[in-house]
Structures are given as structure tokens and as C-alpha cells.
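See below for the structure under consideration.
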Amino acid sequence: MKMRMNQNYYRWYALLVRTRFEKMVALHVGKKGFEEYLPMYRTARQWSDRVKQTEVPLFPGYVFCKFDINERLPLLMIPGVMSVVSFGGAPFAIPEPEIRAVQEVVASGLNYEPWPFSSIGQPVQVKFGPLKGLEGLIVEVKKNCHLVISVTLLNRSVSVEIDRDSVAPIRQSAPIRTELIRSSGKSRETIHFSGFRS
């Protein structure tokens, strides 16, 4: 593997790629000497005669890559890569803690899956277990407790099932609007909270 220079300027970015090109792009990115991350998850797919468990990208259409933005040209030349995800016309880096949170969830051994993006919820921190120290939003679905973490730039989230007793609310000093969503069958109850950041 070719070693890249200027490691101090490396940040995580999301490469926008063609559908179903994620694995191929990730392979080529690694061969070029860049650090890549393509989180996957297992899901059940219905075939004509059976249900099969398959591994698919957790964030379809994206491959995460850590690089100096001034060295992006070799990445843009990889077949299937369309662009570097940008904001306001300029490539925008993804905060390291967001990537690290996704990596911890994927490596935890717990059940996780894509989740509708939301910036509203009860902020909590995991106090023990494989996700100890991780922060996210807590959501209850059919009496199961889910910790939701988000990659804000992509407006995508991931949900992981956890034990309710393993999390504690994060105190807030500035008033914020949060909500705990409870779903049961077709009914959905939303409870609003106010918190303060300390």
C-alpha cells in the first residue's frame, strides 16, 4: 500500500458514488493508499423461493474516506465516484466523532440498522456495555430501546438496540426541545421534554 503524506491535513469526507458501486469504490480507494470506511449491515431479502440474509451498505451511495482535500483528484478518477459531498459548493469534512460513533456501533456486536434522520430526541450517554461513552438520541419502538446516532452532513442516521438501563440523560445548560417517541402498532405517542446544558 502506498503511504500518503501530510497526515495532519487528513479529514473524513463522504464520496458520493453510483448505486451498487460502493464495494468496488472502497476497494480502489484502499489500493490507492487512502483510508476508507464502508459500514455494512445484514438485512433479510425476499427471493422467489426463500428469504436470504445479505450484507448491504449502511449508507447506500456513499463511501467514507480520510484524505487531504488537496489530494482528492485520484479519488475522483475512480470509476463509480461522482463527487465529494459538499456544502455551499465546497467539500465539507465529517466530524471525526460521528465517524467514530458509527464504527463503534458496527463493531459492537449489537443489532443495528439504518434509521430516519432526526436531530430531535432525548440526548443520552451510554454508561456501560460495548458502547460505553457513546452519545446519541434515545427512541422507544414497540417497547424496545434504540440509540440513534447521525451523520449530520448526509442527513442519515443509524439505530442500535440497547438496554434502557445502560443509558443516562445528558444534562443540558441551554433550553432545548427534545422528544421521546413511543410506537406501538399503528399508534405513535410523542412526549416533549425541556433540558439544560450544564
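Things worth noting here:
- As a proxy for reagent exposure, ranking M77, M40 by other Cβ atoms within 10 Å from fewest up yields M77, M40.
- Above-threshold pairs, the threshold being 28 Å between Cα atoms, out of K23/K52; K23/K127; K66/K132: K23/K127
- For N111, the residues whose modelled amide H falls within less than 5 Å of its own, excluding neighbours fewer than 5 places apart on the same chain, are E161.
- Computed from phi, the 3J(HN,Hα) profile of the stretch 63-78 under the Karplus parametrisation 6.51, -1.76, 1.60 (θ = phi - 60°) reads 10, 7, 8, 9, 7, 7, 4, 6, 10, 6, 3, x, 6, 5, 8, 6 Hz, with x in place of Gly and Pro.
- Here is the tail figure for the stretch 7-94: Cα pairs spaced more than 20 Å apart come to 37 percent of all pairs.
- Net charge over other residues, Cβ less than 15 angstrom from the Cβ of R156 (K, R count +1; D, E count -1): -3
All of the numbers you see were taken from the coordinates with simple rules; none came from a lab. Small disclaimer: the values here were computed from a predicted structure and weren't measured. So basically every Cβ, Gly included, is an ideal-geometry build from the backbone, and we count neighbours across all protein chains shown.
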